[in-house]
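Quick one: the structure is below, and I'll ask about it shortly.
The values are calculated or read from the model by the stated rules, or taken from the named source; none is laboratory data. Note that this is a predicted model, so its numbers are computed, not measured. FYI the Cβ positions are ideal-geometry reconstructions off the backbone, even for glycines, and counts take in every protein chain you see. Please note that ligands, DNA and RNA were not included when accessible areas were found on the heavy atoms of the full protein model with its side chains. Shrake-Rupley method; radii C 1.70, N 1.55, O 1.52, S 1.80 Å.
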Amino acid sequence: MSKRVRRDSHSGRKVWALLFVIISVFCIIFFSARGRFHAPVSSKAVSLVLSPFQSAVSWVGSQINYVTANIWDIVTEHQQNKMLRNEVDQLRVQNLQASEYAAENARLRALLDYKQTATQFDLKAARVIGREASTWSSMIVINRGTMDGVKEDMPVVTEKGLVGRIVEAGPNSSKVQLITDPRSSVGVLVQRAESRVNGIVEGDMDNPTMPRMVNIPKDSDVQAGDVIVTSGFGGIFPKGLAIGLVSEIRHDTGGLLEVAILEPAVDFQKLEDVAVITASREAPPEPLKAPAQTPGTETDPAAEAAEQTEAASEADS
């Protein structure tokens, strides 16, 4: 019984499909031949019969056009969005590069201004290319070496002040010991004319970012805010290079000396470009001048010379 029902339903589907195909072929032939001959049937009757099929075909066509247009718009917008994203990424990279170039130009311009001002030094610009992991706050590596005229014990500076000295020079790179290294030792003095107290600046293991000035007499007048510069003693560091400002005065453990905690002039956490002092020409001292004499007591230089000659001859006799 079930097989018979299946056969009947299958046959019914075939009939409806055949009927749909016949009607579709008739519609196609009618619309294709429309205008070429006059059908004997009334035009209104034909339109009435075929209008549902015509509407269906028109609706299907409009839906197909609508879907096709939407798909095309989606594909076009996807391509445009992809192009815009690529353009945005390129602009972002260019913006980062422009910002980096601007920062580098500012640093190099500051070094160039310092070089033009500090005419007593021969400076070789260098770039920081690394730091030692074990001595992050006390040792850096620069991209200048013996092939550039860099040697050991040459001072390294920025436009703000002293950085350190060369402790190891290779052909194309060198190691620089910062003044924040506890093994470093720099002769310094207080720049204030009323003080001029001498001392030594060295790194502090307990505070790697702030060096300290030691060997300060207890009765000295070193004050917070004083500017500390190199003294020129020792023959390595030229005189007058900025070290930093006195931040705090502490008593030494022995009680006979004082220690000054310094705020360095150079930001050692942001070192990128430095300069090596390859030669230093200290300014010659001013010529000695004779003290001013009291009016009425001036001496004749010729008479003084004659008196000295006569006294020498009497002494010889």
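So if each residue of separation counts as 0.36 nm, and I subtract the Cα-Cα distance between Thr76 and Glu194, what length gain in nm does that give?
On the way: separation 118, 0.36 × 118 = 42.48 nm, distance 7.89 nm.
Answer, rounded to one decimal: 34.6 nm.
Now, a different point. At 7 Å along the Cα-to-beta-carbon direction for both Ser62 and Leu256, put a label point, then send me their distance in nm to one decimal.
The answer from the label model is 10.8 nm.
Evaluate the relative contact order of the range 191-243 (contact order divided by residue number), counting alpha-carbon pairs under 8 angstrom at least 6 apart; express in whole percent.
Working: 59 pairs, mean separation 15.5, N = 53.
It rounds to 29 percent for the range 191-243.
Got the relative contact order for the range 96-249 handy, in percent, Cα pairs under 8 Å and 6 or more residues apart?
Working: 295 pairs, mean separation 23.5, N = 154.
For the range 96-249, the relative contact order is 15 percent.
At 0.36 nm per residue, minus the direct Cα-Cα distance, what do Arg281 and Gln97 gain on full extension? Give it in nm, one decimal, please.
Extra length available between Arg281 and Gln97 comes to 62.3 nm.
Could you report the range 141-295's accessible area per residue, 1.4 Å probe, as an integer in Å²? If you can, show how the numbers build up before the last one.
Working: 8290 Å² over 155 residues.
The answer is 54 Å² per residue.
Follow-up. What's log10 of I(q)/I(0) for the range 148-259 at q = 0.11, 0.17, 0.20 Å⁻¹, Debye sum over Cα points only, no solvent?
Log10 I(q)/I(0), no solvent term: -0.36, -0.80, -1.06.
Still on this structure, I have one more. Can you compute the FRET efficiency between Val214 and Lys115 using 1/(1 + (r/R0)^6), with r the Cβ-Cβ distance and R0 = 25 Å? Round to the nearest 0.05. Walk me through the numbers on the way to the answer.
Numbers: r = 32 Å, r/R0 = 1.29.
Given R0 = 25 Å and the Cβ-Cβ separation, E is 0.20.
What is the dipole size for the range 181-260, taken about its Cα centre, with +1 at each Lys and Arg Cβ and -1 at each Asp and Glu Cβ, in debye to the nearest 20? Could the numbers behind the result be given before it?
Numbers: 7 positive and 11 negative charges, 53 e Å.
That gives a dipole near 260 debye.
Let me ask you something else. Highest first, please rank the peptides 113-123, 206-216 by the mean number of other Cβ atoms sitting within 10 Å of their residues. Display every interim value, and only then the final one.
Numbers: 113-123: 14.2, 206-216: 17.8.
Descending packing order for the listed peptides: 206-216, 113-123.
Expressed as cubic angstrom per residue, what is the convex hull volume of the alpha carbon set of the range 83-143?
Working: hull volume 7.7 nm³, N = 61.
Output value, Cα hull per residue: 127 Å³.
Please list, by residue number, everything in the range 99-130 whose backbone N is under 19 Å from a paramagnetic label point 7 Å out along Cα→Cβ of Asp267.
Correct set: 99-114, 127-130.
If you don't mind, another one. How many nm separate the modelled label positions at Leu245 and Val88, each set 7 Å beyond the Cα in the direction of the Cβ?
For the pair Leu245/Val88, the computed spacing is 4.5 nm.
Arrange the peptides 162-170, 270-278, 189-197 so that the one whose residues have, on average, the most other Cβ atoms within 10 Å appears first.
Numbers: 162-170: 20.8, 270-278: 18.7, 189-197: 15.1.
Those peptides, ordered most packed to least, come out 162-170, 270-278, 189-197.
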